[in-house]
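The values are calculated or read from the model by the stated rules, or taken from the named source; none is laboratory data. Model, not experiment: these values are computed from the prediction. Virtual Cβ from ideal backbone geometry, glycine too; neighbours counted across all protein chains shown. Surface areas here come from the heavy atoms of the whole protein model, side chains and all, with no ligands, DNA or RNA. Shrake-Rupley method; radii C 1.70, N 1.55, O 1.52, S 1.80 Å.
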Amino acid sequence: MRFPQKPICQATGFCRAPVLRRICGVVVACLLATTALSVSAMTPRVATDIGPIHSLAARVMAGIGVPDLIIRHGASPHAYSLRPSEAAALEKADLVFWVSEGLTPWLKRRLEILASKAQVVELMKADGTVELPYREGATFANHDDHDGIDSHDGIDPHSWLDPENGKVWLSVMASELSKIDPSNADLYFQNAAAGTLEISQAVARINELLVPVHGVKFVVFHDAYQYFEQRFGISASGSILASDALAPNPARLIEIRGQVAELGVGCVFSEPQFNPTLVASVFQDAEISTAVIDSQGIELELGMTLYPQVLENIAQEIVACAGG
Ligand SMILES: [Zn+2]
């Protein structure tokens with residue numbers, strides 16, 4: 001390894017003798033090592049709310065650092081209590097990326113208390129994010145039935161299931177990370193561009209996969225999939241739970257059962273975060289296939305490949321259930 005001795009040594013005139021030159025080399029080596037340590041110590045601490053957002057942040061930070069996840073992978077984000085280690089991750093964070101208050105209303109106050117020193121970025125407020133209003137009623141047709149939803153802004157928060165939003169947020173993350181870690185700005189933006197390309201490739205595969213099932217009728221467990229449906233030109237006939245995943249009232253269950261019979265819905269999806277017995281009890285007499293879809297990829301390993309894989313898995317499950 002060569003050390004840039006000249007500027008310091010020539011400036012001081014200290015290193016002319018061979019022994020002093022060696023000492024000078026050691027001093028410069030120490031200075032460089034200290035600088036390297038302080039650079040790695042400055043890698044931003046990033047906290048994220050759910051697996052897909054963690055995945056996008058991991059993509060942008062590849063080669064630099066790894067984000068923290070503050071809602072346990074596998075838990076429903078709609079209602080959650082932070083564990084001590086997760087609260088500590090928020091306290092240490094320089095930067096927090098979260099979807100929205102609509103997804104995790106309980107988190108807003110926690111962020112104010114625990115992440116007061118961090119730059120907090122609510123991704124759904126980012127320019128360019130596609131927003132869709134809540135669908136209402138079990139069959140998305142009843143505009144008078146708010147079904148217990150006390151919405152903050154009337155916007156469905158499951159917005160990461162639109163891959164175009166994933167792309168927008170990669171770029172938001174690269175910008176925010178570059179502001180607090182400008183020395184790695186080039187890499188953050190290169191990573192975001194690579195992540196964008198990977199999402200586009202996944203979208204092309206999904207479009208191809210879904211060709212045979214356009215028009216297929218299915219029911220989802222909680223109303224989390226309209227961003228995916230709109231982007232890929234398919235549509236669910238209803239959901240057992242509303243978008244906030246609160247327990248359904250009996251009228252909602254009667255409505256969805258009627259819809260299944262009337263439309264000849266052949267497929268119903270449960271989700272791994274929720275108890276599948278409700279699906280079985282709602283449709284116990286119906287001729288209907290069941291399968292599992294997962295808006296967060298809780299059975300996937302956390303990391304940068306999770307986000308596009310979540311989208312592809314949803315498409316594969318719809319194809320498998322519709323064809324079954
Ligand atoms: Zn949800």
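Can you tell me how the stretch 42-89 classifies by the Cα gyration tensor, rounded, prolate or oblate, using a/c under 1.5 as the rounded cut?
Here the stretch 42-89 falls in the oblate category.
Taking all protein chains together and a probe of 1.4 Å, list Ile293, Ile155 from the most accessible to the least accessible.
Order by accessible area, largest first: Ile155, Ile293.
Can you pull the one-decimal nm distance between simple spin-label points at Asp153 and Ala261, each 7 Å off the Cα toward Cβ?
In this crude label model, Asp153 to Ala261 measures out at 4.1 nm.
Rounded if a/c is under 1.5, else prolate if a/b beats b/c, else oblate: with a ≥ b ≥ c from the C-alpha gyration tensor eigenvalues square-rooted, which is the stretch 134-259?
oblate
Quick query: amide H of Asn249 versus all other amide H atoms, modeled in the peptide plane; which residues come in under 5 Å with a sequence gap of 5 or more or a different chain?
Long-range HN contacts for Asn249: none found.
According to a simple spin-label model (label point 7 Å from Cα along Cα-to-Cβ), what is the distance in nm between Val211 and Val66?
If labels sit at Val66 and Val211, their model points lie 4.0 nm apart.
Add +1 for every Lys or Arg and -1 for every Asp or Glu among the other residues with Cβ under 12 Å from the Cβ of Val265, and state the total.
0
Is the stretch 184-322 rounded, prolate or oblate when judged by the Cα gyration tensor, a ≥ b ≥ c being the square roots of its eigenvalues, rounded requiring a/c under 1.5 and prolate requiring a/b larger than b/c?
Judged from the Cα gyration tensor, the stretch 184-322 comes out prolate (a/c at least 1.5, a/b above b/c).
Could I have the simple spin-label model distance between Ala320 and Trp106, label points 7 Å from Cα toward Cβ, reported in nm to one decimal?
The modelled label-to-label distance comes out at 3.0 nm.
Using only the alpha carbons of the stretch 269-324, determine the length spanned along each of the three principal axes and report them from longest to shortest in whole angstroms.
42, 24, 11
Could you sort the peptides 263-276, 118-131 by per-residue average Cβ neighbour count (10 Å cutoff), highest mean leading? Let's see the in-between values first.
Working: 263-276: 18.0, 118-131: 16.1.
The densest-packed peptide leads the list: 263-276, 118-131.
Just by accessible area at a 1.4 angstrom probe, what is the order of Thr277, Thr43 from largest to smallest?
Reading off the accessible areas and sorting them downward yields Thr277, Thr43.
If DNA, RNA and ligands are ignored and the probe is 1.4 Å, what is the ranking of Asp285, Asp68 by accessible area, most exposed first?
My answer, sorted largest first, is Asp285, Asp68.
Give the cross-link partners of Lys125 among the aspartates and glutamates, using a straight C-alpha distance below 18 Å as the criterion and excluding same-chain residues fewer than 8 apart.
Those aspartates and glutamates meeting the cut-off are Asp49, Glu101, Glu112, Asp153, Asp156, Asp162, Glu164, Glu176.
Scan around Phe218 for amide H atoms under 5 Å from its own, H built in the peptide plane at 1.01 Å from N, and keep only partners 5 or more places away or cross-chain.
So Phe218 has HN proximity to Ser237.
Based on alpha-carbon positions alone, could you give the equivalent ellipsoid semi-axes of the stretch 204-261 from the gyration tensor, as √(5λ), descending, whole Å?
Whole-Å semi-axes of the equivalent ellipsoid: 25, 13, 6.
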